[in-house]
Amino acid sequence: MRLKEPRIAPLSDEELTPEQAQALEVFRPGPVLNIFRTLVRAPKALARFNEWGGYILSRRNDLPAREREIVILRTGFLCRSGYEWTQHVRIGKRDGLTDEEIARIKQGAGAAGWSQADAVLIQAADELHADQFITDQTWSDLRRHFTEKQCMDVVFTAAQYTQVSMFLNTFGVQLEEGVVLDPDLKAY
């Protein structure tokens with residue numbers, strides 16, 4: 001977590017305008033996460049954000065869910081987004097990642113135990129984070145394991161979660177009540 005308190009506070013139900021309330025309906029019934037309670041301050045932006053984010057997290061993204069979560073978690077970790085990491089650890093476990101794999105994501109592509117396909121996903125996320133570009137070698141390695149569309153979805157996924165991490169970090173979105181932050185992502 002970059003900030004110990006929000007720069008832009010999430011809105012309670014009582015504070016919502018009718019337009020903001022409508023923008024959050026897509027998340028109901030159930031609890032509305034702090035990310036959305038914060039972004040709803042710009043309801044038109046939230047609506048468009050949800051469209052693209054919905055693509056990334058849907059079956060229209062050709063990456064299998066487990067592999068998608070590897071890219072998301074590595075991107076969130078590199079961006080030092082405690083909120084993103086925390087949310088997607090839960091999702092990653094649901095989608096087949098083990099506790100050991102999640103711990104190795106922090107170590108990177110060179111950590112022992114990765115398949116070649118998993119390691120190249122992490123390498124691609126690292127390159128996109130560092131240089132906003134995947135090298136020819138890494139692209140070639142990706143293409144050995146993934147279709148052209150899946151390779152595109154690697155880039156789309158890393159880009160989406162870089163953007164999400166920027167929002168979360170800069171706006172100071174805090175974890176939901178009772179959620180524990182990974183000690184490797186404590187506030188500076």
Whichever residue in region 132-171 is surrounded by fewer than 19 Cβ atoms within 10 Å (Cβ to Cβ) and outside any helix (DSSP H, G or I) and, among such residues, is nearest to the chain's Cα centre (by Cα): Gln132
Note on Ala125: of the conditions (1) open to solvent by 40 Å² or more (accessible area, probe 1.4 Å); (2) of a type outside the set (Val, Ile, Thr); (3) within 15 Å of Phe156 (Cβ to Cβ), unmet is (1)
Filtering region 91-122 down to residues that are open to solvent by 60 Å² or more (accessible area, probe 1.4 Å) and assigned to a helix (DSSP H, G or I) yields Lys93, Arg94, Asp99, Glu100, Gln107, Gln116
If you take the residues of region 114-140 that are of a type in the set (Asp, Glu) and in contact (Cβ under 8 Å) with a residue 24 or more places away in the chain, which of them is farthest from Thr98 (Cα to Cα)? Asp126
Looking at region 172-188 only, could you name the residues that are more than 16 Å from Phe36 (Cβ to Cβ) and surrounded by 12 or more Cβ atoms within 10 Å (Cβ to Cβ)? Leu181, Asp182, Leu185, Ala187
Test result for Val32, farther than 25 Å from Val154 by Cβ and either β-branched (Val, Ile, Thr) or under 13 Å from the mean Cα position of the chain (by Cα) (or both): yes
Could you please let me know if Asp153 is touching a residue at least 24 places away in the same chain (Cβ under 8 Å) and on the phi < 0 side of the Ramachandran plot? yes
If a residue must be open to solvent by 40 Å² or more (accessible area, probe 1.4 Å), of a type in the set (D, E, K, R) and in a helix (DSSP H, G or I), how many such residues does region 49-70 contain? 2
Does at least one position in region 12-30 carry a residue that is touching a residue at least 60 places away in the same chain (Cβ under 8 Å) and either exposed (fewer than 14 other Cβ atoms within 10 Å of the Cβ) or outside any helix (DSSP H, G or I) (or both)? no
Only residues that are part of a helix (DSSP H, G or I) and not polar (S, T, N, Q): list them for region 31-46, please. Ile35, Phe36, Arg37, Leu39, Pro43, Lys44, Ala45, Leu46
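The values are calculated or read from the model by the stated rules, or taken from the named source; none is laboratory data. Because the structure is a prediction, the values reported are computed rather than measured. Please note: Cβ atoms are built from the backbone with ideal geometry, for glycine as well, and neighbour counts cover all protein chains shown. For the accessible areas, the whole protein counts, side chains as well, though only heavy atoms, and no ligand, DNA or RNA atoms are used. Shrake-Rupley method; radii C 1.70, N 1.55, O 1.52, S 1.80 Å.
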